[in-house]
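The values are calculated or read from the model by the stated rules, or taken from the named source; none is laboratory data. As the structure is a computational prediction, the values presented were derived from the model and not from experiment. Glycine also receives a Cβ, built like all others from the backbone with ideal geometry; neighbour counts cover every protein chain displayed. Heavy atoms of the whole protein, side chains included, go into the accessibility calculation; ligands, DNA and RNA do not. Shrake-Rupley method; radii C 1.70, N 1.55, O 1.52, S 1.80 Å.
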Amino acid sequence: MLARWPGLSYVGLEVDAIQHARNLQDAPAGMRFVAAGAQDIPSADAQFGLALMLKSLHHVPLAAMDKALAEVARVLRPGGYLYLSEPVYAGPLNEISRLYNDEGAVRAAAQAAVDRALAAPASPWQQVAEQRFDMPVEFKDFADFDQRMMRPTFADHHIDDALQARVAAAFAPHCTQQGARFVRPMHVRLLQRKS
């Protein structure tokens, strides 16, 4: 987006201190990063034409999901869009990941929060598009999976040797000489801020 529309300004929110420091270090021209969550956006009303929530609503605390969607509506101009993508809780990759990080409840809560936001009597939102698709996810080997999925900077999954062995055993049948290939089912909704 920065390359295609360089004259616009962009703001990224980040709650993880380690990732936020990396973002600040590597920020391209035109991009500003702020340490904040979607439930408390430090921007004035009607400042943006587009908001992206890419696999992030389910990471907002459960009690703050409704507030996060209200905050996004607040900072969007009337007619502005929210592109919201969330992973669906299904498939072999999920079956492996749930052994150390079961996201069933939070993913369902994220979908329910969007449904509530759309159904509210005075909802600021209208849904203009919806799409489901499978996103390919590849790992070179279990070490690659371990590094990317089990030990990200933003979460401590309390991985001990026994748990790592259980996850490795579940991962092994999916691994070939070319690595392990999965698909992650995704659900995308495009919401528009009502005028």
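Debye-formula intensities of the range 45-131, expressed as log10 I(q)/I(0) at q = 0.11, 0.13, 0.26 Å⁻¹, are -0.33, -0.45, -1.41 (one equal scatterer per alpha-carbon, no solvent).
Listed values (1) 18.5; (2) 17.8; (3) 22.2 include one computed from this model; for Kirkwood radius over Cα pairs in Å that value carries the label (1).
Only protein heavy atoms count here; under a 1.4 Å probe, residue 134 has an accessible surface of about 90 Å². Of the solvent-accessible surface of the chain, computed with a 1.4 Å probe and all protein chains present, 55% belongs to carbon and sulfur.
Take 127-133, 43-49 and order them by the average number of nearby Cβ atoms within 10 Å per residue, most first; the result is 43-49, 127-133. If you sort the three axes of the alpha carbon gyration tensor as a ≥ b ≥ c, you get a/c of 1.5 or more for the range 151-195 and a/b no higher than b/c, which makes it oblate. Where only DSSP H runs of four or more residues are counted, the chain gives -8500 deg cm²/dmol as its mean residue ellipticity at 222 nm, each run worth -39500 (n - 2.57).
Considering only beta bridges that DSSP places wholly inside the chain, some 70 percent are antiparallel. Around residue 37, under 11 Å between beta carbons, what's the net of Lys plus Arg minus Asp minus Glu among the other residues? Local charge sum for residue 37: -3. Let's test the formula: R0 of 22 Å, r as the Cβ-Cβ distance of residue 143 and residue 34. What FRET efficiency results, to the nearest 0.05? Calculated value: 0.05. Note on residue 52 and residue 130: the extension gain reaches 26.6 nm, defined as 0.36 nm multiplied by sequence separation minus the Cα-Cα distance. Ignoring lysines fewer than eight residues from residue 55 along the same chain, the ones with Cα atoms less than 21 angstrom from its Cα are 67. Taking the Cα centroid of the range 1-79 and of the range 106-136, what is the distance between the two, rounded to the nearest whole Å? Result: 18 Å between the Cα centres.
Calculate, for the range 84-195, the solvent-accessible area per residue in square angstrom, rolling a 1.4 angstrom probe over the heavy atoms of the protein chains. The partial results should precede the final answer.
On the way: 6170 Å² over 112 residues.
Solvent-accessible surface per residue comes out at 55 Å².
Taking all protein chains as shown and a probe of 1.4 angstrom, residue 195 keeps an accessible surface of around 140 Å².
Working from label points 7 Å from Cα in the Cα-to-Cβ sense, the residue 168 to residue 90 distance is 3.3 nm.
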